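The values are calculated or read from the model by the stated rules, or taken from the named source; none is laboratory data. Nothing here was measured: the structure is a model prediction, and the numbers come from that model. Every residue, glycine as well, gets a Cβ built from its backbone with ideal geometry; the counts of neighbours run over all protein chains shown.
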Amino acid sequence: MSSRLPAKAPRTVPELFAAQVRATPDAVAVAHDGHTSTYRELDDRAARLAAVLADEGARPGTLVAVLPDRSADLVVALLAVLKTGAGYVPIAADDPAKRIAQVLADSATPIVVASGEAVRTVLAGTATDARVLHLGSPQTERLLDDHDPAGSPYCAHSPAPVPPPAGDDTAYVIYTSGSTGTPKGVVIDHAALNVYLDHVRTHYPATAGRTLLHSSVSFDLAVTSIFPPLLSGGSVEIVDLLALADGRALPPGFRKPTFLKVTPSHLALLRRLPAQCSPSEQLVIGGEALLGTALQEWRTAHPGVGVVNEYGPTEATVGCCVYTVGPGHRLEPGAVPIGRAVEGTRLYVLDGARRPVPDGARGELFIGGAQVARGYLNRPELTAERFLDDPFDGPGTRMYRTGDLVRTRPDGELEYLGRTDDQVKVNGHRVEPGEIEAALAASPLVDRAAVAAGTDTAGTTVLTAYVVTADRTAVDAAELRRSLARTLPPYMVPAVFVAMDDLPLTANGKLDREALPAPGTGRPAATRTAPVTPEQELLCRVIAETVGAQEVGIDDDFLALGGTSIAAARVVTRARKAGLQIPLTAVLRLRTVRDILAAG
């Protein structure tokens, strides 16, 4: 299954953005919290920052880490890095300091562009020799003021612009979970990025209107929400969907988006948001398996909006396979197909000997074509293992081994069936259980551990840790959760901890994951910690009433109790009626009464 690209001269993001600045200089490019920036204003600030970055050594072949807060400077930083020809390394501001340090060390980036509270994470919790540029600080703003964008080689109106990046120059490096215990960086070059953006601008015309940017830039979902609008004369509204679902008022001047990209896990959240947050023209869903039942309620409320189920690992530049659900299109309640290859992509369904399987037969999906990543940064052995010569195309071509199992339906559409390994998706994020297991093994409380994923009654992925403690006593889930939170992103911290006398093994001595007990059937975890303060008692009671638990302790995990994004919104509402103000983000990210209240 393949789709060929028409021949065309490659044009990179800096070139395309400069052309759009010249075409619509006074149109709104970015909006955030009631404030707007025109294309000219966005270009001027990005040109100033690009000049400062160039003074610090940013150029093709180098990497610049970007650790932004949720503001217009997020977009400024990405554009500025690309203008210099360097590649950006996006880092989530809420990642633990240790994980940020791992990414900075592995990428060896000499410069970090940060803004807002994210700067404190870099300066206080992460040991780095990188030069930190704090957007908004007096020192950095003086550096920016020293560079006049008029005539600057990085400005769209420059008479002598810097040469654009080459197609094989790195555009960005996104770090994903790694099975060896450390994250790995996927290297995407400009040629691959340009092919994807061409597809989006052609097939997602609503991006030329107004999009919402709500995800972290460390998740490649953000690529679709940022660049296509800015290359097409559209605008990007930066929002916090969790805060809006928490009751925060829509920002001044907020207008209904024409385009929105989400993960399936966001669908329940959309039902809690104001109707103005749902798109008027196109909804693109990606990041994890999509069920027809999960989508149908939203489609019923928005019958005129086209929906696209977009599939693609980070190694294939955001999305390389799509299934379109037009208005009036009937969906089955089960898994929604992942569809067909986009332009320039070749999809192969192969058996264990890497031979094509017949239509309808199960096989592993391999991806070839223009969007295949260069490989993994500083991981030549892993790159050689996953990025292979493509025997079905010309010499020098490559294909990526996804580990995803699929089959081709009678209508020619691909259907996702699962994984060949233990990798799972949590809220659209790739999670390797091995990385969590390695973090658990580093604790002195743990002798051995295994991590597995399951789904709750709402279809949400739930991580369970099976732990053999060092002293063979009950698991202190609260302490392990706090320990993991110091090294792993929130979505990688297990919701459930099960104490084990030993881990089941196969005949050849490997972990037998199929023999792991269902959560709740192992030895009991440590004794529940009762609330002490009136606030703790109130919040424990509200959570218990919301999720239907007999009692809740201050260290019980909200997700492990059966909590969902909708249930979290109900907890916040009930708590506020009782006089306790807590943010929705704290319930979903911190997850225990102790930590929610400690966050203030």
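Would you pick out the residues in region 75-116 that are under 20 Å from the mean Cα position of the chain (by Cα), assigned to a loop (DSSP other than H, G, I, E, B) and at pLDDT below 90?
92, 93, 94, 95, 96 - these are the residues of region 75-116 that are under 20 Å from the mean Cα position of the chain (by Cα), assigned to a loop (DSSP other than H, G, I, E, B) and at pLDDT below 90.
Could you identify the single residue in 215, 232 that is within 29 Å of residue 431 (Cβ to Cβ), polar (S, T, N, Q) and either touching a Leu at 6+ places or on another chain (Cβ under 8 Å) or not in a strand (DSSP E or B) (or both)? If you could, list the steps in order and put the result at the bottom.
Details: 232 fails: within 29 Å of residue 431 (Cβ to Cβ).
Result: 215 is the single residue among 215, 232 that is within 29 Å of residue 431 (Cβ to Cβ), polar (S, T, N, Q) and either touching a Leu at 6+ places or on another chain (Cβ under 8 Å) or not in a strand (DSSP E or B) (or both).
Any residue in region 19-42 that is of a type in the set (Asp, Glu), closer than 15 Å to residue 162 by Cβ, at pLDDT 95 or above and more than 25 Å from the chain's Cα centre (by Cα)? Step through it out loud before you land on a result.
Of the residues in region 19-42, the ones of a type in the set (Asp, Glu) are 26, 33, 41.
Filter once more, so that each one left must be closer than 15 Å to residue 162 by Cβ: none.
No, every residue in region 19-42 fails to be of a type in the set (Asp, Glu), closer than 15 Å to residue 162 by Cβ, at pLDDT 95 or above and more than 25 Å from the chain's Cα centre (by Cα).
Can you tell which of 342, 325 is in contact with a helix residue (DSSP H, G or I) (Cβ under 8 Å, 6 or more places away or on another chain), free of Cβ contacts under 8 Å to residues at least 40 places away in the same chain, at negative phi and not basic (Lys, Arg)? Before the answer, list the steps.
On the way: 342 fails: free of Cβ contacts under 8 Å to residues at least 40 places away in the same chain.
Answer to the check: 325.
When you go through (1) surrounded by 14 or more Cβ atoms within 10 Å (Cβ to Cβ); (2) part of a loop (DSSP other than H, G, I, E, B); (3) modelled with pLDDT under 90 one by one for residue 501, which number turns out not to apply?
Residue 501 satisfies every listed condition except (1).
Please go through region 211-233 and give me each residue that is farther than 19 Å from residue 91 by Cα and either out of contact with any Lys or Arg (no Cβ under 6 Å at 6 or more places or on another chain) or modelled with pLDDT under 95 (or both), ordered by number. Talk me through it step by step, then tell me what you get.
Narrowing region 211-233 to residues farther than 19 Å from residue 91 by Cα: 211-212, 228-233.
Those that are farther than 19 Å from residue 91 by Cα and either out of contact with any Lys or Arg (no Cβ under 6 Å at 6 or more places or on another chain) or modelled with pLDDT under 95 (or both): 211, 212, 229, 230, 231, 233.
Here's the yes/no breakdown for (1) farther than 18 Å from residue 517 by Cβ; (2) at pLDDT below 90; (3) part of a loop (DSSP other than H, G, I, E, B); (4) assigned by TED's automatic domain parsing to the domain that holds residue 366:
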| position | (1), (2), (3), (4) |
| --- | --- |
| 407 | yes, no, no, yes |
| 459 | yes, yes, yes, no |
| 471 | yes, yes, yes, no |
| 474 | no, yes, yes, no |
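Pick from region 560-589 the residues that are assigned to a loop (DSSP other than H, G, I, E, B) and surrounded by fewer than 22 Cβ atoms within 10 Å (Cβ to Cβ): which of them is nearest to the chain's Cα centre (by Cα)?
Filtering region 560-589 for residues assigned to a loop (DSSP other than H, G, I, E, B) gives 560-564, 578-583.
Adding the requirement that they be surrounded by fewer than 22 Cβ atoms within 10 Å (Cβ to Cβ) leaves 561-562, 564, 578-581, 583.
Working: 561: 25, 562: 23, 564: 19, 578: 35, 579: 34, 580: 31, 581: 29, 583: 22 Å.
Ranking the candidates gives 564 first.
Which condition breaks for residue 206 when tested against (1) more than 21 Å from the chain's Cα centre (by Cα); (2) in a loop (DSSP other than H, G, I, E, B); (3) buried (at least 22 other Cβ atoms within 10 Å of the Cβ)?
With respect to (1) more than 21 Å from the chain's Cα centre (by Cα); (2) in a loop (DSSP other than H, G, I, E, B); (3) buried (at least 22 other Cβ atoms within 10 Å of the Cβ), residue 206 is out only on (2).
Could you list, in sequence order, all residues of region 504-539 that are acidic (Asp, Glu) and either touching a helix residue (DSSP H, G or I) at 6+ places or on another chain (Cβ under 6 Å) or modelled with pLDDT of 85 or more (or both)?
At the first step, the residues of region 504-539 found to be acidic (Asp, Glu) are 512, 514, 535, 537.
Those that are acidic (Asp, Glu) and either touching a helix residue (DSSP H, G or I) at 6+ places or on another chain (Cβ under 6 Å) or modelled with pLDDT of 85 or more (or both): 535, 537.
Filter region 407-423 for residues that are crowded, with 20+ Cβ neighbours inside 10 Å and out of contact with any Cys (no Cβ under 9 Å at 6 or more places or on another chain); which is nearest to residue 359 (Cα to Cα)?
Filtering region 407-423 for residues crowded, with 20+ Cβ neighbours inside 10 Å gives 408, 414, 416.
From what is left, the residues that are out of contact with any Cys (no Cβ under 9 Å at 6 or more places or on another chain) are 408, 416.
Numbers: 408: 5, 416: 14 Å.
Going through the qualifying residues, I end up with 408.
Could you please let me know if residue 382 is assigned to a strand (DSSP E or B), within 25 Å of the chain's Cα centre (by Cα) and either within 30 Å of residue 490 (Cβ to Cβ) or among the aromatic types (Phe, Trp, Tyr) (or both)? Reasoning before the result, please.
Details: assigned to a strand (DSSP E or B): no; within 25 Å of the chain's Cα centre (by Cα): yes; either within 30 Å of residue 490 (Cβ to Cβ) or among the aromatic types (Phe, Trp, Tyr) (or both): yes.
Answer is no for this residue.
Got a number for residues in region 394-403 being under 23 Å from the mean Cα position of the chain (by Cα) and over 15 Å from residue 341 (Cα atoms)?
2
Mind listing whichever residues of region 294-326 are more than 21 Å from the chain's Cα centre (by Cα) and under 20 Å from residue 268 (Cα atoms)?
Just the residues of region 294-326 that are more than 21 Å from the chain's Cα centre (by Cα), to begin with: 296-306, 324-326.
Correct list: 296, 297, 298, 299, 300, 301, 302, 303, 304, 305, 306, 325.
State whether one or more residues within region 310-333 are assigned to a loop (DSSP other than H, G, I, E, B), under 25 Å from residue 196 (Cα atoms) and hydroxyl-bearing (Ser, Thr, Tyr).
Narrowing region 310-333 to residues assigned to a loop (DSSP other than H, G, I, E, B): 312-313, 317-320, 326-333.
Okay, now just the ones that are also under 25 Å from residue 196 (Cα atoms), so 312-313, 317-320, 326-327.
After this cut, where a residue has to be hydroxyl-bearing (Ser, Thr, Tyr) as well, the list is 317.
Looking through region 310-333, at least one residue is assigned to a loop (DSSP other than H, G, I, E, B), under 25 Å from residue 196 (Cα atoms) and hydroxyl-bearing (Ser, Thr, Tyr).
Taking the criterion of being in a loop (DSSP other than H, G, I, E, B), free of Cβ contacts under 8 Å to residues at least 12 places away in the same chain and surrounded by fewer than 22 Cβ atoms within 10 Å (Cβ to Cβ), would at least one residue in region 250-266 satisfy it?
First, pick out the residues of region 250-266 that are in a loop (DSSP other than H, G, I, E, B): 250-258, 263-265.
Among the residues that remain, those that are also free of Cβ contacts under 8 Å to residues at least 12 places away in the same chain are: none.
No, that holds for no residue.
Among the residues of region 224-237, which ones are hydrophobic (A, V, I, L, M, F, W, C), crowded, with 24+ Cβ neighbours inside 10 Å and under 15 Å from residue 214 (Cβ atoms)? Walk me through how you get there before you give the answer.
If we filter region 224-237 for residues that are hydrophobic (A, V, I, L, M, F, W, C), which is where we start, we get 226-227, 230-231, 236.
Among the residues that remain, those that are also crowded, with 24+ Cβ neighbours inside 10 Å are: 227, 230, 236.
Residue satisfying the conditions is 236 alone.
Mind listing whichever residues of region 583-597 are at pLDDT below 85, among the aliphatic types (A, V, I, L, M) and under 18 Å from residue 248 (Cα atoms)?
Residues of region 583-597 that are at pLDDT below 85, as a first pass: 583-586, 588-590.
Subset that is among the aliphatic types (A, V, I, L, M): 584, 586, 588, 590.
Passing the criteria: 584, 586, 588.
I'd like to know if region 117-129 contains one or more residues that are modelled with pLDDT of 90 or more and not in a loop (DSSP other than H, G, I, E, B).
No, region 117-129 has no match at all.
Given 182, 224, which one is of a type outside the set (A, V, I, L, M), under 19 Å from the mean Cα position of the chain (by Cα) and assigned to a loop (DSSP other than H, G, I, E, B)?
Details: 224 fails: assigned to a loop (DSSP other than H, G, I, E, B).
The match here is 182.
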